[in-house]
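Right, one structure below, let's go through it.
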Amino acid sequence: MEKWPIGVFASIDAGLGVKLEVARDLGVPTIQLHAPHASSRTQANADGFLKKIADYGIQLTCVFGGFDGESYADIPTVSRTVGLVPPETRAARTKELKEIADFANLLGCKVVGLHIGFVPHDRSLPLYQEVIAVARDVCDHCAAQGQSLHLETGQETADDLLAFIQDVARPNLFINFDPANMILYGTGEPIAALKKVGRYVRSIHCKDGKWSPEPGKTWGQEVPLGDGDVGMEKYLRTLREIGYDGPLTIEREIPQEPERQKAEIGRAIKLLTELRQKVLA
Ligand code: MG
């Protein structure tokens, strides 16, 4: 595959991302897939999906885990509901994430992505040790099928994320870097963060956002690619600097407005195609 193929975040029946047909219409060569519901994670559906994307000329690069009951309504709600951190849903979600990894494996996909949730910043807390243990458990499940686990960025600062990865100490634990999330969650200037965590970055999102007036307390605003505070040219230049050569996966989360979502992703493809040419020249 060429360096930096364009991609888009897509879904079949659940969660975030555009429909496969939108990815086809936009002519992107790669997708990341939001995991479908349990009832859809069958061999027959895997076969059907693989045939469809082969027909569309699309390669699957990552399957993202997600769970019922997660809400990104505001930052405290994310903290309460997302990922493997909330204790009351942890056991069931860990089991489901392993099933999602198994489904990714049926699809021949060796990368599983995840919003693990708000990892506590105090490393002496029992909750921190619990999250370390669950991350190891999932990494080991993935490793047995030759898969890596990529943590989505945003909920931690670059330093906290590095400390967490080093404490988990598993060779198949990496990062899916989302520069907009650093801004939206108020966890740090994304370019500086990317330089810090660069050696663990194995997949990325191309998403843009504007800082909240109260970073870390209230959401920043997600905006079309190029209109926000990330600085897309600088982002690509930094990706080049850290030696990243995987897909540029566009994420635009306005599922309630599919026409606008498709149009804005179309413009994002154009922008990234131009910038890629310039930066790799
Ligand atoms: Mg993202």
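In the range 19-33, of all residues being over 18 Å from Glu259 (Cα atoms) and crowded, with 20+ Cβ neighbours inside 10 Å, the one that is farthest from the chain's Cα centre (by Cα) corresponds to Thr30. How about the range 112-137: which of its residues are over 21 Å from Met182 (Cβ atoms) and touching a Cys at 6+ places or on another chain (Cβ under 8 Å)? Within the range 112-137, just Val112 meets the criteria. Cβ separations smaller than 6 Å between residues 6+ apart or across chains give the following pairs from the range 35-59 residues that are more than 13 Å from Asn105 (Cα to Cα) to residues that are loosely packed, with under 13 Cβ neighbours inside 10 Å and at pLDDT below 95: Pro36/Asp13; His37/Asp13; Ser40/Asp13. Residues that are among the aliphatic types (A, V, I, L, M) and within 11 Å of Gly7 (Cα to Cα) within the range 19-55 comprise Ala23, Leu26, Val28, Ile31, Leu33, listed in sequence order. Of the residues examined, Gly69 is not one that is over 30 Å from Arg237 (Cβ atoms), within 16 Å of the ligand (Cβ to nearest atom) and assigned to a loop (DSSP other than H, G, I, E, B). Screening the candidates Leu50, Leu16 for the property of being in a loop (DSSP other than H, G, I, E, B) and surrounded by fewer than 19 Cβ atoms within 10 Å (Cβ to Cβ) yields one hit, Leu16.
Give Thr89, Thr81, Thr77 a once-over and let me know the one that is among the hydroxyl-bearing types (Ser, Thr, Tyr), over 16 Å from His37 (Cα atoms) and surrounded by fewer than 17 Cβ atoms within 10 Å (Cβ to Cβ). Only one candidate passes the filter, namely Thr77. Residues of the range 195-226 that are of a type outside the set (A, V, I, L, M, F, W, C), buried (at least 17 other Cβ atoms within 10 Å of the Cβ) and in a loop (DSSP other than H, G, I, E, B): Lys207, Ser212, Gly220, Pro224, Gly226. Hey, does the range 109-129 have a residue that's free of Cβ contacts under 8 Å to residues at least 24 places away in the same chain, charged (D, E, K, R) and loosely packed, with under 15 Cβ neighbours inside 10 Å? The answer is yes; a qualifying residue exists. Close Cβ contacts (under 6 Å, 6 or more residues apart or on different chains) running from residues in the range 171-192 that are touching a residue at least 24 places away in the same chain (Cβ under 8 Å) to residues that are more than 15 Å from the ligand (Cβ to nearest atom) and among the charged types (D, E, K, R) comprise Ile183/Asp229; Ile191/Lys234. Restricting the search to the range 129-173, which residues are within 17 Å of Ile100 (Cβ to Cβ) and within 16 Å of the ligand (Cβ to nearest atom)? Correct list: Leu149, His150, Leu151, Glu152.
Filtered by the rule that a residue be among the polar types (S, T, N, Q) and surrounded by 13 or more Cβ atoms within 10 Å (Cβ to Cβ), the range 229-272 gives Thr238, Thr249, Gln261.
Of all residues in the range 57-72, those satisfying the criterion of being polar (S, T, N, Q) and either buried (at least 21 other Cβ atoms within 10 Å of the Cβ) or at pLDDT 95 or above (or both) are Gln59, Thr61.
Here's the yes/no breakdown for (1) touching a Lys or Arg at 6+ places or on another chain (Cβ under 8 Å); (2) more than 28 Å from Gly209 (Cβ to Cβ); (3) among the aromatic types (Phe, Trp, Tyr):
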{"site": "Pro126", "(1), (2), (3)": "no, yes, no"}
{"site": "Gln129", "(1), (2), (3)": "no, yes, no"}
{"site": "Arg136", "(1), (2), (3)": "yes, yes, no"}
{"site": "His150", "(1), (2), (3)": "yes, no, no"}
{"site": "Glu156", "(1), (2), (3)": "no, no, no"}
{"site": "Arg170", "(1), (2), (3)": "yes, yes, no"}
{"site": "Ala180", "(1), (2), (3)": "yes, no, no"}
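The values are calculated or read from the model by the stated rules, or taken from the named source; none is laboratory data. In this text, all values refer to a predicted model and were calculated from it rather than measured experimentally. Cβ coordinates were reconstructed from backbone atoms using ideal geometry, including for glycine residues, and neighbour counts include every protein chain displayed.
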